[in-house]
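**Student:** Take this structure, written in structure tokens, and hold onto it; I'll ask about it next.
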Amino acid sequence: MAEDELRQQKEALLYADDTLERRVAECTAELRTSNEQLKQKIAELEGAEAAVEERLRFEILLSQLSTRFLNLPPGEVDRQIEHGLQHLAQFLEVDRSACSSSRETRPTFAPPTRGRSRGASRPRP
């Protein structure tokens, strides 16, 4: 009888061991899946954060450019427009930008040319 009891305990122990190994494997697989999902979510959030930071930098640039024109003497307007266009082109990482006007139309902003000049760098806000 002692041998039967020992055999039953051994079988129960092996069954428990197999069950535990299966549960560990299942939990490990679930954790791997969750970890990958979290990594993807983090990457999405980092991309969104970078987009918001870029938008903020652009808004700061526009604000700085706008304040330059407050109380500006008329003789300085053209020079400040050129300076502002240069900063805008650098921020957008384009070779050049232009503003033109005629008596028949309102001033227009020419679409920037994509590309980057050698040595061109972004202005610091």
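**Student:** Provide D95, D18 in ascending order of the number of other Cβ atoms located within 10 Å of each residue's Cβ, fewest first.
**Tutor:** Final ranking by Cβ density, sparse to dense: D18, D95.
**Student:** With +1 assigned to the C-beta of every Lys and Arg and -1 to the C-beta of every Asp and Glu, and no other charges, what is the dipole magnitude of the stretch 1-84 about the Cα centre in debye, to the nearest 20?
**Tutor:** 500 debye
**Student:** Further question: Under the Kirkwood approximation applied to all pairs of distinct alpha-carbon atoms, what is the hydrodynamic radius of the stretch 1-68 in Å?
**Tutor:** 17.3 Å
A short reminder: the numbers here are calculations on the coordinates, not readings from a lab. Quantities reported herein were computed from a predicted structural model and do not represent experimental measurements. Neighbour counts are summed over all protein chains in view; Cβ atoms, including those assigned to glycine, are modelled from backbone coordinates with ideal geometry.
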